[in-house]
Every structure is written in C-alpha cells, then in structure tokens.
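The values are calculated or read from the model by the stated rules, or taken from the named source; none is laboratory data. Remember, it's a predicted structure, so these values are computed and weren't measured experimentally. Cβ placement follows ideal geometry from the backbone for every residue including glycine, while neighbour counts extend to all protein chains displayed.
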Amino acid sequence: MEKAKDMLIEAAVNLGESLGLNRAVCQIYALLYLSNAPLSPTEIGKSLEMSKGNVSINLRILEQWNAVRKVWKKGYSRPLYTANEDIEMIIFDKLKTGIEKRLSYVKPIIMQVKNHKDRNLAASNEKFFARLDRIERLIGKIEFFLQNLDTIKAFTK
C-alpha cells in the first residue's frame, strides 16, 4: 500500500509541476489527501524526507489556498493537518486567483498604451492597435468567465 501511495503522490507532483505549482506543496497536499488521519508537520517531514522549515512554509501556502486545515487533537500540543477534500474548489479558486493577478498586471499597461497613443502613429500602426483591441476583448471574455465561475463550478458537482 505504501508503494501505491508513493506512486500517487509522485503523479500528483508531476501534474502540479506541469501547472506551475511548487513540488513540496504538491507532495504535502497529496500526502494529506491520501492519509486516513491528520498528520503533524513532523510526520509530514519524515514521510516526505523534507525539513521542518520546508514543511512549515508549504503548509502555510496550502492554508492560504484553503487546501489544508489545522485540527486539534487531545494530547497534542501542536496542530495536526488534514487536506480539504474538495479538490475542484481548490483548483477553481487557485485558477481564479492566478488569472485575476495576471489581469491586474496587464490591464493597466494596455490602458497606458491606449491613452498615450499619438493619432498620427495610430494610423501608421493600425494593425498594432487592432491587436490591442483584440487583447482587450479577450480580457473582457476572461473577466466574464471569472464572474460566472460559480455557475461553471456548479456543473462539475
């Protein structure tokens, strides 16, 4: 069973890394998701051969994503951790946050370019500004998608 668990953790890591996620974050989440009981940071570190500091940093990241939560158990002075089993919610929320972050970076740049365009240059660079308009329309579609993400999530249940 332990070999199967290791294979699933590695598969989760490969999938996560292909999406640009941190290896340690993927390992910790997969381990907690596959565990029958909450684990302490020490148990996580031992199981994944990871330092306490690395475990701690990545648990905080997972907590921010609402992917793991602390649980308190009688007899333990420190919290244990368990995975949020609603993988779809975690993925959709992470996707939404990532897209919003990138849009908040690019939108002001597009507006700045559009506001500073010289009328004489606009005529000579018609193709450039037409593409800029296409990018703006795409951003509008992406924003529409994000605004309706809850409806889309309802279809995945």
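Annotations
- Just one of the numbered conditions (1) over 19 Å from the mean Cα position of the chain (by Cα); (2) modelled with pLDDT of 85 or more; (3) assigned by TED's automatic domain parsing to the domain that holds Leu32 is not true of Glu136: (3).
- Residue satisfying all of: in the range 26-38; under 22 Å from the mean Cα position of the chain (by Cα) and of a type outside the set (Gly, Ala, Ser); surrounded by the most Cβ atoms within 10 Å (Cβ to Cβ) among these: Ile28
- In the range 136-155, the residues that are farther than 11 Å from Leu103 by Cα and surrounded by 10 or more Cβ atoms within 10 Å (Cβ to Cβ) form Cβ pairs under 7 Å with partners that are at pLDDT below 85 and among the aromatic types (Phe, Trp, Tyr), at six or more places apart or across chains, as follows: Leu149/Phe92; Lys153/Phe92.
Listed here are the residues, each with its yes/no results for (1) under 14 Å from the mean Cα position of the chain (by Cα); (2) closer than 23 Å to Thr97 by Cβ.
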site	(1), (2)
Ala4	no, no
Ala24	yes, yes
Ser40	no, no
Asn58	yes, yes
Lys70	no, yes
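- Top-ranked residue of the range 75-93 - restricted to ones that are modelled with pLDDT under 85 and assigned to a loop (DSSP other than H, G, I, E, B), ranked as nearest to Pro38 (Cα to Cα): Tyr76
- Screening the candidates Lys107, Lys101 for the property of being surrounded by 13 or more Cβ atoms within 10 Å (Cβ to Cβ) and either in contact with a Gly (Cβ under 6 Å, 6 or more places away or on another chain) or in the same structural domain as Gln147 (by TED's automatic domain parsing) (or both) yields one hit, Lys107.
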